[in-house]
DNA sequence: CCTTATTAGTAGCGAGTCGAAACTATTGCA
DNA sequence: TGCAATAGTTTCGACTCGCTACTAATAAGG
């Protein structure tokens, strides 16, 4: 009876939803890109907080990511730390003021909360499939949590990353990693 | 077994999907906003193609919409027509060159096409619910098609809009309208 | 060792988004 | 007739975004 749910409709709905959220949300003095970068930094592990990782995550260039991070740093929401091992690389950590920015649900989140758990679960799995397919097509990284990664190993003390060869606390294992590669038959 | 599908995850997936699509898509010389505006104009009826309508649809201001439309006009993808009844108002029509831009599925659309019809239908209905709730909250307009509008009336020759008091061809009735108000128990 | 890559991050450019505010016309109302 | 509302534009400042060119540091190979 109803139209064949054409592809364009779904595309439009996603676009419109994002625009509505962006118009409404505008969390304090942060625009959507800055908010997304800040949110990523807050959830990424200490090996994945460099400008290039943010660029990968936001599907943009290093140049753009660099500027977004500088804008966040100017507002003291993140702080830069230069690495000792590799003097080229930089790590940005979220400051307490930055964490404050991330508090409280956005208006889009409030709306998502009105969905029933079943509908929400189904929505999440569909979106996840779309994101993974897009990532696969462009050779992008998945940025999942360490505990769903093929390089992750459970030990007595917590976990261990076989790729970087470092121990991981349970808190570490729940953060996003740039090197994440989904283990077989596990949702990323 | 799996996590309680937290709200933030869904928010993130939508954001990430939009960013991936924006990075990939970049349809010719058009950025996402211009593409969205062009797509809207192509699907809106002749009473809904003014800058203020585009602003409403894109959930932005008239000033921003005005600039986006000027950019499209500079590229000869849309053409401006001043109204005779109301000398303030302007209507933008999509040119043949503009229609060409809209041809062919975007990469996001290609990915959406890989979903099964059932999953796609479920995804569409969830997204529709989210968009409607967001719109309801901010008092925005739904921009549905005339044939799902409470002002629409079926006649022998096609349709009729009770609000604007104008006849509508079947093609008209399938376009988006700024004045659209969902009829009860019909998906918009 | 020393010379190339290669890599990480940055600066600058030009086009454009975006909100906000100020500013023309034009129309509506009282 | 006069004032308020409306439609659209302009300008401003901050920012995104891709791009190119650039510096500094590390890696690789002869």
Fill in: Total residues in the range A:41-57, condition surrounded by fewer than 21 Cβ atoms within 10 Å (Cβ to Cβ) and more than 12 Å from DNA strand C (Cβ to nearest atom)
3
Fill in: Condition check for residue B:36: within 12 Å of DNA strand C (Cβ to nearest atom) and within 11 Å of another protein chain (Cβ to nearest Cβ)
yes
Worksheet, complete the sentence: Subset of the range B:42-60, residues within 12 Å of DNA strand D (Cβ to nearest atom) and either more than 21 Å from residue B:134 (Cβ to Cβ) or out of contact with any helix residue (DSSP H, G or I) (no Cβ under 6 Å at 6 or more places or on another chain) (or both), comes to B:47, B:48, B:49, B:50, B:51, B:53, B:56, B:60
Item to complete: Please find, within the range A:96-121, the residue that is farthest from the other protein chains (Cβ to nearest Cβ) out of those that are surrounded by 18 or more Cβ atoms within 10 Å (Cβ to Cβ) and free of Cβ contacts under 8 Å to residues at least 60 places away in the same chain.
Response: A:115
Worksheet item: Somewhere in the range B:1-21, is a residue buried (at least 19 other Cβ atoms within 10 Å of the Cβ), over 27 Å from residue A:138 (Cβ atoms), within 12 Å of DNA strand D (Cβ to nearest atom) and within 14 Å of another protein chain (Cβ to nearest Cβ)?
Response: no
Item to complete: Starting from residues that are near DNA strand D (Cβ under 10 Å from one of its atoms) and more than 17 Å from the chain's Cα centre (by Cα), keep the ones in the range B:65-80 and report whichever is nearest to residue A:21 (Cα to Cα).
Response: B:67
Discussion item. Cβ-Cβ under 6 Å, sequence separation 6+ or interchain: first residue in the range A:147-158 and surrounded by 11 or more Cβ atoms within 10 Å (Cβ to Cβ), partner assigned to a helix (DSSP H, G or I). Which pairs?
Written reply: A:147/A:173; A:152/A:146; A:158/A:170
Worksheet item: Among the helices (runs of 4 or more DSSP H) confined wholly to the range B:69-146, which include 2 or more residues that are more than 15 Å from DNA strand C (Cβ to nearest atom) and more than 18 Å from residue B:40 (Cβ to Cβ)?
Response: B:107-112, B:117-138
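Values quoted throughout were computed directly from the atomic coordinates according to the rules given, and no laboratory measurement underlies them. Note that this is a predicted model, so its numbers are computed, not measured. Every residue, glycine among them, receives a Cβ derived from its backbone with ideal geometry; neighbour counts consider all protein chains shown.
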